[in-house]
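The values are calculated or read from the model by the stated rules, or taken from the named source; none is laboratory data. Since this is a predicted model, take the numbers as computed values, not measurements. Neighbour counts run over all protein chains shown; Cβ positions are idealised from the backbone, glycine included.
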Amino acid sequence: MRININEALYIYLEYIIDALHLHKRRREIIANASKILRPDQVMIGVPESLREIIFNIKIDSNQRRRIVIAEPISSTTYILAS
């Protein structure tokens, strides 16, 4: 069974929230995000739809984090890659 776009977004959001709770740095979060899902784990069209994911996360009442993940699912060897 392959993951759809909504499930993929949920997985990335859960990963980011867990990483922030563990006090990981933004660079480390972004670098490791590309290792979460592979093209063969998601439905057709998901890698193309998730070219960039932007999360604006409010941690405390005064602290906000913006995490931008560019091309989280590699599409270089993907069948629909352009």
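In summary, His23 fulfils each of the numbered conditions (1) in contact with a strand residue (DSSP E or B) (Cβ under 8 Å, 6 or more places away or on another chain); (2) on the phi > 0 side of the Ramachandran plot with the single exception of condition (1). Taking region 1-39 as the range and being crowded, with 17+ Cβ neighbours inside 10 Å and either among the acidic types (Asp, Glu) or closer than 16 Å to Ser75 by Cβ (or both) as the test, the residues that pass are Ala8, Tyr12, Ala33, Leu37, Pro39.
Filtering region 11-45 to residues that are within 24 Å of Met1 (Cα to Cα) and either in contact with a Pro (Cβ under 8 Å, 6 or more places away or on another chain) or of a type in the set (Gly, Ala, Ser) (or both) leaves Tyr12, Ala33, Ser34, Ile36, Leu37, Pro39, Gly45. The single residue among Val46, Val42, Val68 that is modelled with pLDDT of 90 or more and loosely packed, with under 14 Cβ neighbours inside 10 Å turns out to be Val68.
Residues of region 51-65 that are of a type in the set (A, V, I, L, M) and either modelled with pLDDT under 85 or part of a loop (DSSP other than H, G, I, E, B) (or both): Ile59 alone.
For the condition more than 21 Å from Arg64 (Cα to Cα) and in contact with a helix residue (DSSP H, G or I) (Cβ under 6 Å, 6 or more places away or on another chain), what is the one hit in Ile5, Ile29? Answer to the selection: Ile5.
Among the helices (runs of 4 or more DSSP H) confined to region 1-50, the ones with at least 1 residues that are touching a residue at least 24 places away in the same chain (Cβ under 8 Å) and among the aromatic types (Phe, Trp, Tyr) are located at 5-21.
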